[in-house]
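Following: one structure in structure tokens, then a few remarks.
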Amino acid sequence: MTHKLTQGDHVLQVDTLARVEGEGAMHVIVRDGLVADVELRIFEPPRFFEALLRGRAWTEPPDITARICGICPVAYQLSSCLAIEDACGVTVPEELRVLRRLLYCGEWIESHALHVYLLHAPDFLGYQGAVEMVADHGAVVEQGLRMKKAGNALMTLVGGRAVHPVNVRVGGFYRLPTAQELGSIRPMLERARDDAVGTVRLVAGFEFPDLVQPHEYVALRSPHGYPLESGSVVTSSGRAFEVADFGKHIVEEHVARSNALHAHLEGVDGRTSYVVGPLARYSLNHDQLGPLAREVARDAGLGQECRNPFQSIVVRAVELVHATDEALSIIDSWDGASAASVEVPPRAGIGHGATEAPRGMLYHRYELAEDGTILDATIVPPTSQNQPGIEADLRAFVQERLDLPREELVRQCEQAIRNYDPCISCATHFLDLTMEES
Amino acid sequence: MATRDAAGHGRPKLAVWKFASCDGCQLTLLNCEDDLIPLATMVEIAYFPEATRAVVEGPYDVSLVEGSVTTASDAERIHEIRRVSRRLITIGACATSGGIQALRNFADVAEYRSVVYAHPEYVKTLERSTPIAAHVTVDFELHGCPIDSRQLLEVLAAFVQDRRPRIPSYSVCAECKRRGAVCVAVAHGTPCLGPVTQAGCGALCPAYSRGCYGCFGPQDTPNTRSLADRLRVLGMHESQVMRFFRTFNAGAEPFRAESERHLGERPDIGRPDIEQHEEAAP
């Protein structure tokens, strides 16, 4: 990271935003003491997944799209499975849906523990990173690593490995875990659930900058509980639509100087930005949280809705409680399945799928030829949906802090961006900070 | 090998660099949960932006490089990194063979750009995705999509101790036999790239009743032609064999060459509507 500060034209540049997944930059324009604009620039090189999927077989997207993101591969795998199964007119049996949910719990635990402890907590505690925290907060870091390890162990058990699981296929799984294998991970998950409750208490005690944002929240809502592996779309302004209608309600725009696409909600009054992720999920699905997660959220002082982006770390911790708790109940009620997968014969058609990645709703759409060849693919990752919301937060946030020393301003802006756990690898379709004052 | 002070103290300085990739191989380092804190006492994590804001100035004793080169600025950046690195180790399929994004090497990148972006002129990219060794001298290439954490720790330990890493270059079949897994190709007729793929995963896929899909790339002497014949016997079409070799290590020479031999029944990957997108002037 380099900071260039020249007195004359007040330009500040940070080349790499640390502790995010991927690479990007932030550009702030200040005119007459007022923040005129904030731009997030993504310079993660494009990898063209939507193009390279054309011509591949309908069975291939779970393995290929997993490679979009090493932190949330299951999100990509399961959104693609849903979309292809939809195109082929197949719904997987209930027990396979539940097993997908269990695998997804593993990814939430691994990803949230990584973000809360290794990426975001150092901001609140005043450290450069988690390794630097070890000397003063060794037990805290160990608690985080222990939970992360439990999440990875669950992914490894159900998915074969933690990064790019091998056991997910269109139609279900290659191999079913046995009840005995699932039982073996129980003690680790019980400890992780205790650690998650401890995490909520820890992070609820952090100091949160005062910022209340009127974002439109968008998340899935599902009859199967807190949104994870399936659902339909709901918004905080009361809209509700099926995933198949995603394209009618949400438009992606390509913004100059960025390799990411920005998503907007199409409305009668024009296009509005919106936010996905933990705050949106929590605020739209508070009633669907498990009893333990709801209790610890209340004790942490969270209402049924959360509007301070900095408190996303508390909501992530609450979701850690929910995910560990639900994983345990799925394991306890697991009674096996008749088969590891169902046949998904190809047919010509279009299919849609959306699931809740740790960072927010992830949408896939595929158009298939009769023989299952992919003719067209669309992937809308959470970070490209959140980019306008992050910029809106920064506009409000930077304005109140223009008098801060630059180094401190940069640090606080990075913290505000990390509220969204932006996965820049995913959203190449993120941050060095430049500031222009005139 | 550490950059030591006059009294001979100091830990080796480790840097982690990212090019076009999914972050999964870097994450594998963070996934060494039990070994992460001991590792941080063994080496100084001097540059690792995914984990810390702190930056220790180079030069670095060991640089881990994730990702492939896909932009002109990255093609320059890798030379700067080589200059400040005593040892340079590539981690993963992207850095070692170009990754899944090397599928563009077989296609028209302008077409790719217009499929994904409304304004292709905003997007700067090279025609090809290339491994790090195509640009600079690499001291060791660690295979995998993603890499294996035990292999990563072995490579780091070896470089700290100034010895060659003990990383096998034989095929997945050897690991499969050692594990006592049933051969999915022989027993079930499941197409499997295990015979031509480098070991390191522990024969994961066969243990999950599926064929190996080659994420560790080619082993040192792969007989891809013989395997391709076998895949045809198992019922794969030419286009399926071609795609089987063209995934995460599509740019690795043996896999690339074998895929080129199976272009016979190429599926219709282009559609007329793609051709309608003319690249807009900047």
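Could you please let me know if A:HIS120 is away from chain B (no Cβ under 11 Å), assigned to a helix (DSSP H, G or I) and modelled with pLDDT under 95? Yes: the conditions hold for A:HIS120. Contact map, segment A:405-421: first residue crowded, with 19+ Cβ neighbours inside 10 Å, second residue β-branched (Val, Ile, Thr), Cβ cut-off under 6 Å, separation 6 or more or different chains; pairs are A:VAL410/A:VAL14; A:ILE417/A:ILE390; A:TYR420/A:ILE390.
For segment A:73-105, filtering for residues that are in contact with a Cys (Cβ under 7 Å, 6 or more places away or on another chain) and part of a loop (DSSP other than H, G, I, E, B) leaves 0. Among the conditions (1) touching a helix residue (DSSP H, G or I) at 6+ places or on another chain (Cβ under 7 Å); (2) at the interface with another protein chain (Cβ under 8 Å from one of its Cβ atoms), B:THR71 misses just one, which is (1). Across segment B:217-254, the qualifying residues are those that are closer than 30 Å to A:PRO177 by Cβ and within 12 Å of chain A (Cβ to nearest Cβ), and the one among them that is surrounded by the most Cβ atoms within 10 Å (Cβ to Cβ) is B:ASN249.
B:LEU152: within 12 Å of chain A (Cβ to nearest Cβ) and not in a loop (DSSP other than H, G, I, E, B), yes or no? The answer is yes for B:LEU152. Across segment A:56-65, not a single residue is classified as part of a loop (DSSP other than H, G, I, E, B) and at pLDDT below 95.
Only a single item in (1) in a helix (DSSP H, G or I); (2) on the phi > 0 side of the Ramachandran plot is not met by B:GLY214, and it is number (1). Among the residues making up segment A:349-405, those that are of a type in the set (S, T, N, Q) and not in a strand (DSSP E or B) are A:THR383, A:SER384, A:GLN385, A:ASN386, A:GLN387, A:GLN399. Restricting segment A:130-143 to residues that are of a type outside the set (A, V, I, L, M) and at the interface with chain B (Cβ under 9 Å from one of its Cβ atoms), which is surrounded by the most Cβ atoms within 10 Å (Cβ to Cβ)? Taking the candidates together, the pick is A:GLU132. The set of residues in segment B:112-145 being hydroxyl-bearing (Ser, Thr, Tyr), surrounded by 16 or more Cβ atoms within 10 Å (Cβ to Cβ) and more than 17 Å from A:GLU253 (Cα to Cα) consists of B:TYR112, B:THR125, B:SER129, B:THR130. Hey, could you check segment B:99-135 for residues that are facing chain A (nearest Cβ under 7 Å) and under 15 Å from the mean Cα position of the chain (by Cα) and say which is nearest to A:PHE48 (Cα to Cα)? It comes out as B:GLN101.
From the list B:ALA174, B:ALA133, the lone residue that is on the phi < 0 side of the Ramachandran plot and touching a strand residue (DSSP E or B) at 6+ places or on another chain (Cβ under 9 Å) is B:ALA133.
Scan segment B:19-43 and report the pairs whose first residue is more than 7 Å from every other protein chain (Cβ to nearest Cβ) and whose second residue is in a helix (DSSP H, G or I) and modelled with pLDDT under 90, with Cβ atoms within less than 7 Å and a gap of 6+ or a chain change. From segment B:19-43, the pairs are B:CYS32/B:LEU39; B:MET42/B:VAL160; B:VAL43/B:VAL160.
The values are calculated or read from the model by the stated rules, or taken from the named source; none is laboratory data. All of these numbers come straight from a predicted model, not from anything done at the bench. Every residue, glycine among them, receives a Cβ derived from its backbone with ideal geometry; neighbour counts consider all protein chains shown.
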